[in-house]
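Following: one structure in structure tokens, then a few remarks.
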Amino acid sequence: MNKNQVFAIRNEQQFVDIALGTFRHQAQNCEVYRQFIEGLKIDPTNVNSVDQIPFLPIEFFKSHKILSIDNPVEIVFTSSGTTGLVTSSHHVTDISWYTESFRNAFQLFYGDVEKYTILALLPSYLEREGSSLIYMAEDLIRQSNNTESGFFLYNHSELYRRLKEQKMAQKPTLLIGVTFALLDFVEAYSIDYPQLIVMETGGMKGRRKEMIRQELHEVLCKGFGVDTIHSEYGMTELLSQAYSGGHGIFNWPPWMKILTRDTNDPMTLLKDEKGGGINVIDLANFNSCSFIATQDLGKVYADNSFEILGRFDSSDIRGCNLLIT
């Protein structure tokens, strides 16, 4: 599959055609996925629509190397997890799939990255190896071509000074932060900066008590003086992200799709805006597996937006983006 074809998808038929082609490739070449499909007694040659594609449970990324190609692995992304929990590993054989995915998605949802100052408050991610979020933030900071862009660890006073300077200069600014760090910041500092884009990536990392999304966003809106809080929906096992411009309602890029499954029958997909388990099709995952059944609970709306409602009770607390609502 050509990357250019994937990132040039503009309509549903193109998506379906490439998704089915990707399924056939991975059903044959991804050993873990092939065995999973066999275990379900599904014949891949009989899969003729997206609704018939089986989704690999995300837990397999904790115990197996998920690859659909024999090429050398360029980088391994790992999930954060809390102490004692088994983390996920995503073996990436061609990092350009990830780079092109997040660059194209940022352009789609936010426009030219060079018009922004990008500030990243991601302390727990900076303190470990293998974070796909850090990889993306580093690249966007570099792409912004702006000396004011950069990372902040726990130096909140420096971040506060930088935000005040950006406000005075009236420069478009995006602050991307892990949830607990954004809360730590607004407990110490407050700024009235309505033009600021604040994007939370989720994750308390065991540092703070979990909060419902509405409560969290109210605290952050007050602390930063903004009307809405943006959010990113992504995870180690995906090479694409969805974004929310506020109120927890997300949209996905054209090479990605969110479906919901029956919580009691994972092979049954839901319609009519019913809440269920989140299934993700991520065509940027061409060299691993593009069809993933996550442990998130959510709802897909008729306009192809979605929201996250919670997680399955049995799943461990994921570092990336889950706030119970």
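The values are calculated or read from the model by the stated rules, or taken from the named source; none is laboratory data. Keep in mind the model is a prediction, meaning the values are calculated, not measured. Heads up, the Cβs are rebuilt from the backbone with ideal geometry, glycines too, and the neighbour counts pull from every protein chain shown. Protein only, heavy atoms only, side chains kept; ligands, DNA and RNA dropped before computing areas. Shrake-Rupley method; radii C 1.70, N 1.55, O 1.52, S 1.80 Å.
When you scan segment 152-206, how many residues do you find that are under 14 Å from Leu122 (Cβ atoms), small (Gly, Ala, Ser) and either touching a strand residue (DSSP E or B) at 6+ places or on another chain (Cβ under 8 Å) or open to solvent by 50 Å² or more (accessible area, probe 1.4 Å) (or both)? Residues meeting the conditions: 3.
Among the residues of segment 96-109, those that are open to solvent by 20 Å² or more (accessible area, probe 1.4 Å) and touching a Phe, Trp or Tyr at 6+ places or on another chain (Cβ under 8 Å) comprise Glu100, Asn104, Phe109.
Might you let me know whether segment 249-259 holds any residue that is modelled with pLDDT under 95, farther than 28 Å from Glu31 by Cβ and part of a loop (DSSP other than H, G, I, E, B)? Within segment 249-259, none of the residues are modelled with pLDDT under 95, farther than 28 Å from Glu31 by Cβ and part of a loop (DSSP other than H, G, I, E, B). Residue pairs whose Cβ atoms lie under 7 Å apart, sitting 6 or more positions apart in sequence or on different chains, and linking a residue in segment 52-68 that is under 21 Å from Ala19 (Cα atoms) to a partner that is assigned to a loop (DSSP other than H, G, I, E, B) and of a type in the set (Ser, Thr, Tyr), are Phe61/Ser88; Ile66/Ser288; Leu67/Thr93; Leu67/Ser288; Ser68/Ser288. Looking at segment 300-311, I want the residues that are polar (S, T, N, Q) and have a partner that is part of a strand (DSSP E or B) with Cβ atoms under 7 Å, at least 6 apart or on another chain. Which pairs are those? Note: pairs meeting the criteria are Ser305/Phe250; Ser305/Asn251. Filtering Val198, Val219 for residues that are of a type in the set (Val, Ile, Thr), out of contact with any Cys (no Cβ under 9 Å at 6 or more places or on another chain) and either more than 29 Å from Ile281 (Cα to Cα) or assigned to a strand (DSSP E or B) (or both) leaves a single hit, Val219.
Please work out if Gln241 is loosely packed, with under 15 Cβ neighbours inside 10 Å and either under 21 Å from the mean Cα position of the chain (by Cα) or of a type outside the set (Asp, Glu) (or both). For Gln241, the condition - loosely packed, with under 15 Cβ neighbours inside 10 Å and either under 21 Å from the mean Cα position of the chain (by Cα) or of a type outside the set (Asp, Glu) (or both) - is not met. Yes or no: segment 131-139 includes at least one residue that is among the charged types (D, E, K, R) and within 26 Å of Ala242 (Cα to Cα). Yes; the residues of segment 131-139 include at least one that is among the charged types (D, E, K, R) and within 26 Å of Ala242 (Cα to Cα). Within segment 15-51, the residues that satisfy the criterion of being open to solvent by 40 Å² or more (accessible area, probe 1.4 Å) and in contact (Cβ under 8 Å) with a residue 60 or more places away in the chain are His25, Leu40, Asp51. So Lys299 fits all but one of (1) open to solvent by 50 Å² or more (accessible area, probe 1.4 Å); (2) modelled with pLDDT under 95; what number is the exception? Only one criterion in (1) open to solvent by 50 Å² or more (accessible area, probe 1.4 Å); (2) modelled with pLDDT under 95 is unmet by Lys299, namely (2). The residue of segment 70-86 that is modelled with the lowest pLDDT, among those that are surrounded by fewer than 18 Cβ atoms within 10 Å (Cβ to Cβ) and in contact with a helix residue (DSSP H, G or I) (Cβ under 7 Å, 6 or more places away or on another chain), is Val86.
Of the residues making up segment 256-279, those that are of a type in the set (D, E, K, R), surrounded by fewer than 16 Cβ atoms within 10 Å (Cβ to Cβ) and over 11 Å from Leu297 (Cα atoms) number 4.
Could you check, for segment 119-127, whether at least one of its residues is surrounded by fewer than 20 Cβ atoms within 10 Å (Cβ to Cβ), in contact with a helix residue (DSSP H, G or I) (Cβ under 9 Å, 6 or more places away or on another chain), on the phi < 0 side of the Ramachandran plot and among the charged types (D, E, K, R)? Within segment 119-127 (the criterion being surrounded by fewer than 20 Cβ atoms within 10 Å (Cβ to Cβ), in contact with a helix residue (DSSP H, G or I) (Cβ under 9 Å, 6 or more places away or on another chain), on the phi < 0 side of the Ramachandran plot and among the charged types (D, E, K, R)), the answer is no, since none of the residues qualifies. Can you tell me which residue is modelled with the lowest pLDDT among those in segment 302-325 that are hydroxyl-bearing (Ser, Thr, Tyr) and over 21 Å from Trp255 (Cβ atoms)? Restricting to residues being hydroxyl-bearing (Ser, Thr, Tyr) and over 21 Å from Trp255 (Cβ atoms), the top hit is Thr325.
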